[in-house]
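In what follows, a structure is listed as structure tokens, so that the remarks can point back to it.
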């Protein structure tokens, strides 16, 4: 059963919360982070992307970068930009996008839950990315950024959250530059905190929605500290890490699309002829075409959109992996026709989050950067849960959650 632990959060004063809160470290590169934090000394990017305060030509994994993260974190605390709450609390973090608001509970997840499979994942992690975030956790001795979890919704938890939101003014309430709303409440009533934790202890599993590398890094560093402590009791703060838990019925996964640099030596006509053996193809013209159902894809090539519907027998709806459209496209098109074997390492393919819209696919083909683009019908949250429950792993770049959590509204210290 899942752990949800209150903690003494490090939080910004309300007057700088909007300026301090940043996008997650992994959704923008170093150059973009420099631009985004320019002129803003409060931005958490100075801690989570500290290379922005060092020479441009310095490798972002140089030891100086990690040391700068620790230096900047200490400076934020000494300047009163991150202040620790006096008691252990739970928090509510809500996000609004396109008129829809989702409400998550901020608390600490258990390292042991990750090690024992109570916290389930659906993606593979890369050791180099794990180690990068592990170094960051070690040097700051904190979880600077929350991870994004989901869990099967519990009616009483939903009711408690709704009651807090209705009767208590938010600590933070702002709209970010991207138009997404961010709202944050502190739950100070111990009876409410204890009841939420009790209800959560009956939740059989939680699921990593977004932030697999941060989750792994936080859990692995916590386990390191456990093994290095001869007086370990299990109550130390390193046994827990920062997570925002959203009920599954409030979340939406958006599409995660693909663009390819070439057609593997084929002409457009020969490529479409090969596609015709495994897809029912309909030409849609110059107007953007969006997939309408599972196993229906859209393709953009040479100024035209096409509907591709996988033919019967080319997919397996009884297989939690085989049913996924990323699997269908990877096997039938990327592998068998375009000879793109490894999506993690191939330089001939790129991935475009659906938040950018299908117009971004068109743009990248029209400007000659890419030869063709493919849009996919979004994975459902139930598919994600089914795969995690079965112990399977999704193919790379399958899910895209939006809006992203802002980092910095609350930080978890391991001290």
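What the table below lists for this structure:
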| quantity | calculated |
| --- | --- |
| Qualifying residue in the stretch 153-176 (condition: touching a strand residue (DSSP E or B) at 6+ places or on another chain (Cβ under 9 Å) and under 23 Å from residue 387 (Cα atoms)) | yes |
| The listed residue being surrounded by fewer than 20 Cβ atoms within 10 Å (Cβ to Cβ), on the phi < 0 side of the Ramachandran plot and in contact with a helix residue (DSSP H, G or I) (Cβ under 6 Å, 6 or more places away or on another chain), out of 147, 165, 154 | 154 |
| Unmet requirement for residue 256, which otherwise passes all of (1) modelled with pLDDT of 95 or more; (2) surrounded by 17 or more Cβ atoms within 10 Å (Cβ to Cβ) | (1) |
| When residues of the stretch 189-229 are limited to those that are out of contact with any strand residue (DSSP E or B) (no Cβ under 7 Å at 6 or more places or on another chain) and in a loop (DSSP other than H, G, I, E, B), the one surrounded by the most Cβ atoms within 10 Å (Cβ to Cβ) | 189 |
| Helices (runs of 4 or more DSSP H) lying entirely in the stretch 109-177 (those with 3 or more residues that are in the same structural domain as residue 16 (by TED's automatic domain parsing) and within 15 Å of the chain's Cα centre (by Cα)) | 127-140 |
| Condition met for residue 243 (at pLDDT below 95, within 22 Å of the chain's Cα centre (by Cα) and in a strand (DSSP E or B)) | no |
| Filter result for residue 407 (touching a strand residue (DSSP E or B) at 6+ places or on another chain (Cβ under 6 Å) and touching a residue at least 40 places away in the same chain (Cβ under 8 Å)) | yes |
| Matching entry among 387, 355 (being closer than 30 Å to residue 153 by Cα, touching a residue at least 60 places away in the same chain (Cβ under 8 Å), in the same structural domain as residue 265 (by TED's automatic domain parsing) and out of contact with any helix residue (DSSP H, G or I) (no Cβ under 7 Å at 6 or more places or on another chain)) | 355 |
| Residue list for the stretch 295-324, restricted to those being at pLDDT 95 or above and within 20 Å of residue 386 (Cα to Cα) | 295 |
| Residue 82 being over 23 Å from residue 25 (Cα atoms), buried (at least 23 other Cβ atoms within 10 Å of the Cβ) and either assigned by TED's automatic domain parsing to the domain that holds residue 181 or touching a strand residue (DSSP E or B) at 6+ places or on another chain (Cβ under 8 Å) (or both) | no |
| Residue in the stretch 248-258 that is assigned to a strand (DSSP E or B), touching a residue at least 12 places away in the same chain (Cβ under 8 Å) and over 30 Å from residue 369 (Cβ atoms) present | no |
| Selection within the stretch 321-344 - in contact (Cβ under 8 Å) with a residue 40 or more places away in the chain, over 16 Å from residue 263 (Cα atoms) and out of contact with any helix residue (DSSP H, G or I) (no Cβ under 8 Å at 6 or more places or on another chain) | 325, 326, 327, 344 |
| Some residue of the stretch 290-300 being surrounded by fewer than 16 Cβ atoms within 10 Å (Cβ to Cβ), at negative phi and touching a strand residue (DSSP E or B) at 6+ places or on another chain (Cβ under 7 Å) | yes |
| Filter result (surrounded by 14 or more Cβ atoms within 10 Å (Cβ to Cβ) and either without any contact (Cβ under 8 Å) to a residue 12 or more places away in the chain or within 19 Å of residue 403 (Cα to Cα) (or both)) within the stretch 171-188 | 172, 173, 174, 176, 180, 181, 182, 183, 184, 185 |
| Scope the stretch 26-60; condition under 30 Å from residue 236 (Cβ atoms) and either surrounded by fewer than 23 Cβ atoms within 10 Å (Cβ to Cβ) or at pLDDT below 95 (or both); matching residues | 26 |
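One line per residue, one yes/no per condition, for (1) surrounded by fewer than 18 Cβ atoms within 10 Å (Cβ to Cβ); (2) on the phi > 0 side of the Ramachandran plot; (3) more than 22 Å from the chain's Cα centre (by Cα):
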site	(1), (2), (3)
306	no, no, yes
325	no, no, no
341	yes, no, yes
345	yes, no, no
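The values are calculated or read from the model by the stated rules, or taken from the named source; none is laboratory data. This one's a predicted model, so the numbers in the text were calculated from it and none came from an experiment. A quick note on method: Cβ atoms are made from the backbone with ideal geometry, for glycine too, and the neighbour counts reach across all protein chains shown.
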